Structures are given as structure tokens and as C-alpha cells.
Amino acid sequence: MTLPMTVPDEGLPARVRIHEVGARDGLQNEAATVPTEIKAEFIHRLAAAGLTTIEATSFVHPKWVPQLADAERLFPMVRDLEGVRLPVLVPNDRGLDRALALGAREVAVFASATESFAKANLNRTLDESLAVFEPVVARAREERLHVRGYLSMCFGDPWEGAVPVAQVARVVRALVDMGCDEISLGDTIGVATPGHVRSLLETLAGQGVPVSAVGVHFHDTYGQALANTLAALRQGVTTVDASAGGLGGCPFAKSATGNLATEDLLWMLRGLGIDTGVDLGLLTATSVWMAGQLGRPSPSRTVRALSHKES
């Protein structure tokens, strides 16, 4: 492929690691149960396309996310992928027990930057939820696992509206202090804008949170995900969450319309001369295949454009 033309932008990182969330965050909202074999094939195809971090599943109680009730069956089908990191979500000690029993080496906890979302998603206050995660993170570290902390509602909350940057920074600092190796800043309802992204990242840097420990997770509700990603890259962020084909949203935030599509991200990064190690053609074919399994077209503009050219 000769397009897009590569025109580097000075000051941006040379390489970006894509944290692929399509197999977990992307599929967890599907109303119809996706067969375990299809999920496993999806992960294998994502790996074949060059993605080296693929979030595999979540060890949450099946009552809360029925789509991921097959975690014990799925994880052994993918855990031996060579050179691929396979983080899994663990909401509590029981989830960590399940993940450890299957040999998971990377886990993630899911926190909130606001009281309202902590109550809606975790049925606890913000500080109570952090207290629940603390022993989980401590034990994961004792087991020498890599721990990611997801932080939701970093840029806005459907109940509270604007979220003060200082409030988000306080929770990020708490997650770092309890031992999280990496923090993913979530724009759960997709309301962030580039200046807001810059302000939060500058605040975190001023509080001693290394940019190397920060990832970004943007939803495209208002079409701002790529602009916000570029703003984060300008601040030195090199880890970006994205979902193949633009699958997914948030089951507890009804206005969240979908994740940043990995293919749309790749198109922008390729044009900027930023290396990812991912083959856009293979990934597009994977998303077209997955869209066929789900019975609907991919929402990714890049997938639609490239698949239309090939048809």
C-alpha cells in the first residue's frame, strides 16, 4: 500500500504500542453470545496481524458480564501465543485466583475517577473501591504479575458532568502508589478534547507520574478520539488502547458509542511515520471477518474504505 503518504511530525514518538481491547472490551457488550471458538480465533488473527498486547478476557462474575462467562475455557486456547502479552481483567481477589490458576501473567483492575461511576459500576464509594483493589494489586505484585489500572470517567461523567483534573490526578496517584505498573486514562463517554488531554497529562507529569506508565483509552462518541490521541502523543504517551473494527463501548455508560478503531489509529500513525509493528491489511481482514461473525458491518471508517476498495 502506498497510501497514506508518510509525513513525519517532529516531536512525536518513533513507536507506539497498541493495547488491543477488541476481544474483551469490544465483545463484552454483544447481546448474542459469541462462541468461545470464535473469540479464540479472533485473538489468534489479531496476533497474526502483529498485535503484541491483546486483552483476552475478564474474570468478572458471569452475572455482571455474561459474554465473558467463558474465561476459564477461552484463556487456555490463547495463552501459548508466542510473543503476545495477554492481560486479563480481575475485579477482586476471586478474579485474581481464577486468573492465576490459568497462568495469566498480566492483570488489570478497573477503577473510577468519580463517585457516581464508582457507585454505578462497583456499588462502592471511590475510596472504598480503591481499598478493595489494594490487596489485589499487592498480591498480584507478589506473584510478579504486570498490573494495569484502568481509570474510567477521566474527562467527564454522565451524572457529574465535568471532572476536575486534580480529582483524576489524585486517583491516578493512588493507583500508582498501590503498585500499578501502568495506568490507562479512560474517556469513557467520549467527551475529551485535545486541550483537556494535554492539561491532564501535564498535571500527572507535574505530580511525578512517568509518562511511560500512562496509556490512553478514548471513545469516539463525538468524533474526537484520533485528535485526542494525537494530543497524547505530543505529550510523550506511547501506549494507546484501541479496538479492532471499532468494536465495543461501556455497558455501564449508555452514551458511550464505541472504542477508537485500531485500523483508524493505524492509518493515522502510518501517515505520521510512527511504527507499530501491525499489518493494516491483515488487521482489516480480521475485522471484516469478525463483522461477518457478528452479522453487521464494522463501524471503522478505515475498515470500510479498505474493504470497499478490495471488493
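Miscellaneous remarks
- Among the candidates V211, V171, V176, the residue that is closer than 22 Å to V21 by Cβ, at pLDDT 95 or above and surrounded by 23 or more Cβ atoms within 10 Å (Cβ to Cβ) is uniquely V171.
- The residue list D279, D264 contains one member that is touching a Lys or Arg at 6+ places or on another chain (Cβ under 8 Å) and either at pLDDT 95 or above or farther than 17 Å from H44 by Cβ (or both), which is D264.
- Taken residue by residue, region 98-120 has at least one member that is hydroxyl-bearing (S, T, Y), within 22 Å of H19 (Cβ to Cβ) and either surrounded by fewer than 17 Cβ atoms within 10 Å (Cβ to Cβ) or touching a residue at least 24 places away in the same chain (Cβ under 8 Å) (or both).
- Selection count, region 1-24, where residues are among the charged types (D, E, K, R) and crowded, with 24+ Cβ neighbours inside 10 Å: 2
- Residues of region 51-96 that are under 22 Å from L280 (Cα atoms), small (G, A, S) and open to solvent by less than 60 Å² (accessible area, probe 1.4 Å): A56 alone.
- Residue in region 160-179 that is under 27 Å from R105 (Cα atoms) and part of a loop (DSSP other than H, G, I, E, B) present: yes
- Members of region 227-245 found to be closer than 17 Å to I189 by Cβ and open to solvent by 10 Å² or more (accessible area, probe 1.4 Å), listed by number: A227
The values are calculated or read from the model by the stated rules, or taken from the named source; none is laboratory data. Note that the structure is a prediction, hence the values are computed from the model and not measured. We place every Cβ from the backbone using ideal geometry, glycine too, and count neighbours over all the protein chains shown. We work out accessible area using only protein heavy atoms, side chains counted, and drop any ligands, DNA or RNA first. Shrake-Rupley method; radii C 1.70, N 1.55, O 1.52, S 1.80 Å.
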